[in-house]
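Please see the structure below; I have some questions.
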Amino acid sequence: MIYFDATFLVRLYVDESGSRQVRSLAAEQDAIASSVLGKMETEAAFHRKFREGSLDARALSEINRQLTVNTSEGVITWLSLSPYVIERVHEAFLTLPPHVYLRTGDAIHLATAAEAGFKEIYSNDRHLLAASKLFKLKGVNPLAGKS
């Protein structure tokens, strides 16, 4: 199983830069995990693409249906925001060095992956990747240097 943040989850369903590489990486895995926050972020990104006109109503409905099917079939596992994850986020913000830029959503992804026992987290979000070491995770961006 591999952990994706929403930047990679969206690429599984919507054609954009890096989608081919992300889909290829996902195809090599038994399953994909993400925080339940990632589900909400992914659905919000789908709607943003609809609002901006890059998806029509039919396409939006289809990708949301496919996300539901993938979830029910166990292709994607949504990890809960447990008290341990919440406490880990709390502790991170108490101890972060002043030069680290960490958004709440990124901290939730990092804490969720770490608490679930992952050693790596896949994303192309530079802030998440930069903070990954603070959660004892290796941040992996297979899209680095690719367009």
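Considering each residue of the range 33-72, count those that are among the basic types (Lys, Arg) and loosely packed, with under 12 Cβ neighbours inside 10 Å, and give that number.
The number of residues fulfilling the criteria is 3.
Can you find even one residue in the range 113-126 that is at pLDDT below 95, surrounded by fewer than 19 Cβ atoms within 10 Å (Cβ to Cβ) and within 15 Å of Asp5 (Cβ to Cβ)?
Yes.
Further, regarding this structure: Residue pairs, Cβ under 6 Å, 6 or more apart or interchain, first in the range 69-98 and under 15 Å from Ala113 (Cβ atoms) and free of Cβ contacts under 8 Å to residues at least 40 places away in the same chain, second among the charged types (D, E, K, R) and not in a strand (DSSP E or B). List them.
That search, which allows pairs on different chains as well, returns Tyr84/Glu115.
Yes/no per residue for (1) touching a helix residue (DSSP H, G or I) at 6+ places or on another chain (Cβ under 7 Å); (2) of a type in the set (Lys, Arg):
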site: Asp5; (1), (2): yes, no
site: Arg11; (1), (2): yes, yes
site: Val14; (1), (2): yes, no
site: Gly18; (1), (2): yes, no
site: Asp30; (1), (2): no, no
site: Asp56; (1), (2): no, no
site: Val69; (1), (2): no, no
site: Thr77; (1), (2): no, no
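Please identify the pairs in which a residue from the range 108-137 that is touching a residue at least 24 places away in the same chain (Cβ under 8 Å) has its Cβ atom under 6 Å from the Cβ atom of a residue that is surrounded by fewer than 17 Cβ atoms within 10 Å (Cβ to Cβ), counting only partners at least 6 apart or on another chain.
From residues that are touching a residue at least 24 places away in the same chain (Cβ under 8 Å), the pairs are Glu115/Tyr84; Glu120/Lys138; His127/Tyr101; Ala131/Val100.
The values are calculated or read from the model by the stated rules, or taken from the named source; none is laboratory data. All values derive from a computational prediction rather than experimental measurement. All Cβ positions, even for glycine, are placed from backbone atoms using ideal geometry, and neighbour counts span all protein chains on display.
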